[in-house]
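The values are calculated or read from the model by the stated rules, or taken from the named source; none is laboratory data. The structure presented is a predicted model; accordingly, all values stated were derived computationally and were not measured. FYI the Cβ positions are ideal-geometry reconstructions off the backbone, even for glycines, and counts take in every protein chain you see.
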Amino acid sequence: MSDSTASSQLLVEPTRAREFLNGASATFPLLVGAAPFGIIFGTLAEPNGLSALGAILMSVIVFAGASQFIALGLLAAGASIPIIIATTFIVNFRHILYSANLVAKVKHLPQYWRVIMAFGLTDETFAAVNNRYLQTDNLSRAHWFYLGSFLAMYSNWILCTYIGLTLGNIFPQMQNWGLDFAMSVTFIGMVIPYLKSRPMIVAVLVSASLAVVSYDLPHKLGLLMASFSGICVGLSLLMLKNRQPVSKERKQ
Amino acid sequence: MNEGFLIGGMFVATFSVRYILFAMAGRVRFPSWLNKALEFVPPVVLMAIVAPNISMPKGELWLSPLNPWLLASLVAVITALVRKDLLTTIVVGMLAFAGMRFGLGM
């Protein structure tokens, strides 16, 4: 597999179809990881107050895993729609970092390509595409690789939402199986890899405890307050930590 | 109708963030402190959602070794630290939760 990729780069520039297929196949392992979330999202939708059509449309139109889970959690907790949308905005803000990273790779493309690529910008596609850009600088057809990765993720996500909805209808008592805990355990699994520095750990602990203390605030405002406080504390610690070596150098 | 607003609003909130820098293609640079602040966002927000779910599953604070939500979360944290694999963490955490809730009747 890596042999054929390398030789095709040496001989001729890969065709559009080749780039597209490479993009899809590079994304395959990530599909396996994303599938359970799509299925769990589908099973949780109706018990949490989102209709089947709403669930499918959300996967088709919004296409953002973490935000969709959070929307369900907030719907079930009775949060107002503006709060859910504001939370979506905050949760997705990490995509700014991805797009900032990719700006140099899309500058030469027409706007309609940028629109498609922006819509398909997920954690998984970013990871797959970033690898492709690291391997070769040739950008002329790299957007077809991106498209292959995006469409693989997109179709998988919609299909899994549908499977989850169907399973939820076959087993209506599924909502008593503790699938609500699936959301918590999924988020825990997503958070742990981030906990590599003390500022990050403290930020998460501050946010978690404030979220519990402020849980009774109206419209889930406690969530935003807790998040904002956690970020401020983490950033302050990080800046203090980064300042120390600089001041030592100055003394020397 | 409400769902239409919800989905439309979430689309705008999601797509605008993903597209704005592509649209301007490199003419804007973030101050470095903002870049650093953004790195905290995903775990901080996710834990702000998880913490009340597992520590007050029935609406009131329940900090006890008999709370299966908390116990299974602890199992999930340990699994995530040891195996570093999301799927394993989810499966083990769910099995632990199911075992405590339905096996032990906690």
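A compact table of results
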| item | result |
| --- | --- |
| Qualifying residues in the range A:61-70 (those that are of a type in the set (Val, Ile, Thr) and part of a helix (DSSP H, G or I)) - the one modelled with the highest pLDDT | A:Ile61 |
| Residues located in the range A:187-204, provided they are in a helix (DSSP H, G or I) and touching a residue at least 24 places away in the same chain (Cβ under 8 Å) | A:Phe187, A:Met190, A:Arg198, A:Pro199, A:Met200, A:Val202, A:Ala203, A:Val204 |
| The range A:99-118, residues that are within 8 Å of another protein chain (Cβ to nearest Cβ) and touching a helix residue (DSSP H, G or I) at 6+ places or on another chain (Cβ under 6 Å) | A:Ser99, A:Ala100, A:Val103, A:Val106, A:Arg114, A:Met117, A:Ala118 |
| Matching residues, the range B:64-99, being under 23 Å from A:Met190 (Cα atoms) and over 18 Å from the mean Cα position of the chain (by Cα) | B:Asn67, B:Pro68, B:Val82, B:Arg83, B:Leu95, B:Ala96, B:Ala98, B:Gly99 |
| Extreme residue, nearest to the chain's Cα centre (by Cα), among residues of the range B:17-41 that are within 8 Å of another protein chain (Cβ to nearest Cβ) and assigned to a loop (DSSP other than H, G, I, E, B) | B:Phe40 |
| Scope the range A:145-156; condition over 19 Å from B:Ala13 (Cα atoms) and surrounded by fewer than 20 Cβ atoms within 10 Å (Cβ to Cβ); matching residues | A:Leu151, A:Ser155, A:Asn156 |
| Number of the condition not met by B:Leu61 [criteria: (1) farther than 21 Å from A:Ser67 by Cα; (2) under 17 Å from the mean Cα position of the chain (by Cα)] | (2) |
| A:Gly73 vs. criteria surrounded by fewer than 21 Cβ atoms within 10 Å (Cβ to Cβ), at the interface with chain B (Cβ under 7 Å from one of its Cβ atoms) and farther than 30 Å from B:Ser32 by Cβ | no |
| Qualifying helices (runs of 4 or more DSSP H) (wholly inside the range A:79-180; at least 3 residues being in the same structural domain as A:Phe37 (by TED's automatic domain parsing) and in contact (Cβ under 8 Å) with a residue 60 or more places away in the chain) | A:81-91, A:123-135, A:142-170 |
| Verdict on A:Gly73 being in a helix (DSSP H, G or I), over 30 Å from A:Tyr146 (Cα atoms) and within 17 Å of the chain's Cα centre (by Cα) | yes |
| Conditions (1) aliphatic (A, V, I, L, M); (2) touching a residue at least 24 places away in the same chain (Cβ under 8 Å); (3) within 22 Å of A:Ile70 (Cα to Cα); number of the one not met by B:Ala76 | (2) |
| Residues within the range A:24-58 that are small (Gly, Ala, Ser), facing chain B (nearest Cβ under 10 Å) and either assigned to a helix (DSSP H, G or I) or under 18 Å from the mean Cα position of the chain (by Cα) (or both), tallied | 5 |
| Hey, A:Val233 out of contact with any Asp or Glu (no Cβ under 7 Å at 6 or more places or on another chain), under 26 Å from B:Gly93 (Cβ atoms) and either surrounded by fewer than 19 Cβ atoms within 10 Å (Cβ to Cβ) or at pLDDT 90 or above (or both) or not | no |
| Residue that is nearest to the chain's Cα centre (by Cα) [pool: residues in the range A:85-130 that are buried (at least 21 other Cβ atoms within 10 Å of the Cβ) and of a type in the set (S, T, N, Q)] | A:Thr122 |
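Every residue, every condition in (1) buried (at least 21 other Cβ atoms within 10 Å of the Cβ); (2) more than 8 Å from chain A (Cβ to nearest Cβ); (3) in a helix (DSSP H, G or I), yes or no:
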position	(1), (2), (3)
B:Pro43	yes, no, yes
B:Ile49	yes, no, yes
B:Ile54	yes, no, yes
B:Leu63	no, yes, no
B:Ala72	yes, no, yes
B:Val91	no, yes, yes
B:Leu95	no, yes, yes
B:Gly99	no, yes, yes
B:Gly105	no, yes, no
